[in-house]
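The values are calculated or read from the model by the stated rules, or taken from the named source; none is laboratory data. Bear in mind that the values here come from a model prediction, so they are computed numbers and not experimental data. Glycine gets a Cβ as well: all are built from the backbone with ideal geometry, and neighbour counts include every protein chain shown. Just the protein is used for accessible areas: all its heavy atoms, side chains included, with ligands, DNA and RNA removed. Shrake-Rupley method; radii C 1.70, N 1.55, O 1.52, S 1.80 Å.
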Amino acid sequence: MVLSACAGPAQYYAGTGVHDATVAEAAGTWENIENTRLTLRRDGTASFQHLDGRDFDFDDGWRVSGTGTWKLGDDADGQDIRLTMTARTGAGTRSDAAVVDASASAPATYRWSMYVDRDERDALALFFFIGDPDNGSTYVLRKVAAQNAPATATPAPRGESGQ
């Protein structure tokens, strides 16, 4: 009997090969769709609003806001941002989520590992895989220009509750 398994790109993805990013370059505010905002500070602290889960957790539809810590990692395959949520300040549901209220299943603590890459302009981009690894779908965060970054935190939208 022959056994076979699906092996999508995310399951065996090693990294981007980027090794030249610095903490100073990674620090700042990053955005994605539906008001996702991640702020990485040079002191290793982080805050975020409406950040989705990675891998199969993305399919649950929850989004979290909170605070935590981060560090820039590097191994033979490239660099990554290791983000740990230490305090959840809010939870909500993505607009395209199949469930009505995923905030009940949103975790109180969570860890993301985001690959560090460079775009066509040589600017940093962060990404992680979402959904079924066989699909290879990515969640990409782009850095906000300093003049566009908000001075204060964004209020929680309707459907997101403070915890």
Could you list, in sequence order, all residues of the range 16-42 that are over 16 Å from Thr93 (Cα atoms), open to solvent by 30 Å² or more (accessible area, probe 1.4 Å) and in a loop (DSSP other than H, G, I, E, B)?
Thr16, Gly17, His19, Asp20, Thr22, Arg41, Arg42
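Quick grid of which residues meet (1) of a type in the set (A, V, I, L, M); (2) open to solvent by 60 Å² or more (accessible area, probe 1.4 Å):
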residue	(1), (2)
Ala14	yes, no
Gly44	no, no
His50	no, no
Gly90	no, no
Arg94	no, no
Ala98	yes, yes
Ala102	yes, no
Arg111	no, yes
Is there a residue being out of contact with any strand residue (DSSP E or B) (no Cβ under 6 Å at 6 or more places or on another chain) and buried (at least 19 other Cβ atoms within 10 Å of the Cβ) anywhere in the range 66-85?
no
Which pairs turn up if I take residues in the range 124-135 that are within 19 Å of Val23 (Cα to Cα) and open to solvent by less than 20 Å² (accessible area, probe 1.4 Å) and look for partners that are assigned to a loop (DSSP other than H, G, I, E, B) and not basic (Lys, Arg) with beta carbon separation below 7 Å, at least 6 apart in sequence or on another chain?
Leu124/Ala21; Ala125/Asp119
Residues in the range 54-76 that are in contact (Cβ under 8 Å) with a residue 60 or more places away in the chain and within 12 Å of the chain's Cα centre (by Cα) total 5
Among the listed residues Asp117, Asp122, Asp134, Asp57, identify the single one that is within 20 Å of Ile33 (Cα to Cα) and either modelled with pLDDT under 95 or part of a loop (DSSP other than H, G, I, E, B) (or both).
Asp57
